[in-house]
Amino acid sequence: MDELIQQIRDFNRERDWAQYHSPKNLTMCLAAEVGELLEQFQWLTEQQSQDLSPAKRAAVEEEIGDVTICLLNLADKLGIDIVEAATRKLEQNKIKYPVHKAKGRADKYTELG
């Protein structure tokens, strides 16, 4: 992960793009890229979304790359370790969604009773 973050930093520095990378702009970039990822699945059935053609899979992979770069840029700009943040969030979710209440259910934690 550190190597990828450094590659992204180098890429941005070489192009003098850091000047545009405010947290606000990076969040907007992230939302736009997630929208492009969503677009790849728009109108597909559940089954089609699981059995992507090679061309569709390549397009999804490209958008996932864009989303990842935007997210890593944002985390880096804010000094957030993305792995630590995800690990902490997973631990919080384990508390919110205990297995004995949440297993096999898609309900929000407030509705698990």
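The values are calculated or read from the model by the stated rules, or taken from the named source; none is laboratory data. Predicted model only: the values in this text are computed from it and were never measured. Cβ sites come from the backbone with ideal geometry, for glycine too, and all protein chains shown count toward neighbours. Please note that ligands, DNA and RNA were not included when accessible areas were found on the heavy atoms of the full protein model with its side chains. Shrake-Rupley method; radii C 1.70, N 1.55, O 1.52, S 1.80 Å.
How many of the residues making up region 13-47 are within 19 Å of ASP81 (Cβ to Cβ) and not in a loop (DSSP other than H, G, I, E, B)? So that I can check it myself, show each step before the final result.
So in region 13-47, the residues within 19 Å of ASP81 (Cβ to Cβ) come out as 21, 23, 26-27, 30.
Keeping just the survivors that are not in a loop (DSSP other than H, G, I, E, B) gives 23, 26-27, 30.
Final tally of qualifying residues: 4.
Regarding region 64-82, can at least one residue be identified that is surrounded by fewer than 12 Cβ atoms within 10 Å (Cβ to Cβ) and among the acidic types (Asp, Glu)?
No; the residues of region 64-82 include none that is surrounded by fewer than 12 Cβ atoms within 10 Å (Cβ to Cβ) and among the acidic types (Asp, Glu).
So which residues in region 50-63 are part of a loop (DSSP other than H, G, I, E, B) and open to solvent by 60 Å² or more (accessible area, probe 1.4 Å)?
First, the residues of region 50-63 that are part of a loop (DSSP other than H, G, I, E, B): 51-53.
Passing the criteria: only ASP51.
Identify all residues within region 5-24 that are open to solvent by less than 70 Å² (accessible area, probe 1.4 Å), in contact with a helix residue (DSSP H, G or I) (Cβ under 9 Å, 6 or more places away or on another chain) and either of a type in the set (Val, Ile, Thr) or modelled with pLDDT of 95 or more (or both); write none if there are none. Reasoning before the result, please.
Restricting attention to region 5-24, the residues satisfying the condition of being open to solvent by less than 70 Å² (accessible area, probe 1.4 Å) are 5, 8, 10, 12, 18, 21-23.
Adding the requirement that they be in contact with a helix residue (DSSP H, G or I) (Cβ under 9 Å, 6 or more places away or on another chain) leaves 5, 8, 12, 18, 21-23.
Selection gives ILE5, ILE8, ASN12, HIS21, SER22, PRO23.
Within region 64-79, which residues are of a type outside the set (A, V, I, L, M, F, W, C) and outside any loop (DSSP other than H, G, I, E, B)? Show your work before the answer.
Of region 64-79, the ones of a type outside the set (A, V, I, L, M, F, W, C) are 65-66, 68, 73, 76-77, 79.
Of everything in region 64-79, those that are of a type outside the set (A, V, I, L, M, F, W, C) and outside any loop (DSSP other than H, G, I, E, B) turn out to be GLY65, ASP66, THR68, ASN73, ASP76, LYS77.
Considering only residues that are in a helix (DSSP H, G or I), of a type in the set (Asp, Glu) and modelled with pLDDT of 95 or more, look in region 80-113 and name the one that is nearest to THR68 (Cα to Cα). Give the steps one after another, and end with the answer.
The first filter runs over region 80-113 and keeps only residues in a helix (DSSP H, G or I), leaving 82-96, 99-102, 109-111.
Adding the requirement that they be of a type in the set (Asp, Glu) leaves 84, 91, 111.
So of that shortlist, the ones also modelled with pLDDT of 95 or more come out as 84, 91.
Values: GLU84: 16, GLU91: 22 Å.
Ranking the qualifying residues of region 80-113, first place goes to GLU84.
Is there a residue being open to solvent by 90 Å² or more (accessible area, probe 1.4 Å) and among the acidic types (Asp, Glu) anywhere in region 31-49?
Yes, that holds for at least one residue.
Looking at region 93-113 only, could you name the residues that are surrounded by 10 or more Cβ atoms within 10 Å (Cβ to Cβ) and of a type outside the set (Lys, Arg)?
Those that are surrounded by 10 or more Cβ atoms within 10 Å (Cβ to Cβ) and of a type outside the set (Lys, Arg): ASN93, TYR97, PRO98, ALA102, ASP107, TYR109, LEU112.
Picking from THR27, THR45, THR68, THR87, which residue would you name as being over 30 Å from ASP2 (Cβ atoms) and among the β-branched types (Val, Ile, Thr)?
Details: THR27 fails: over 30 Å from ASP2 (Cβ atoms); THR68 fails: over 30 Å from ASP2 (Cβ atoms); THR87 fails: over 30 Å from ASP2 (Cβ atoms).
Being over 30 Å from ASP2 (Cβ atoms) and among the β-branched types (Val, Ile, Thr) holds for just one of THR27, THR45, THR68, THR87, which is THR45.
Please identify the pairs in which a residue from region 55-82 that is free of Cβ contacts under 8 Å to residues at least 60 places away in the same chain and over 19 Å from ASN12 (Cβ atoms) has its Cβ atom under 7 Å from the Cβ atom of a residue that is among the aliphatic types (A, V, I, L, M) and not in a helix (DSSP H, G or I), counting only partners at least 6 apart or on another chain.
The qualifying pairs are VAL60/LEU52.
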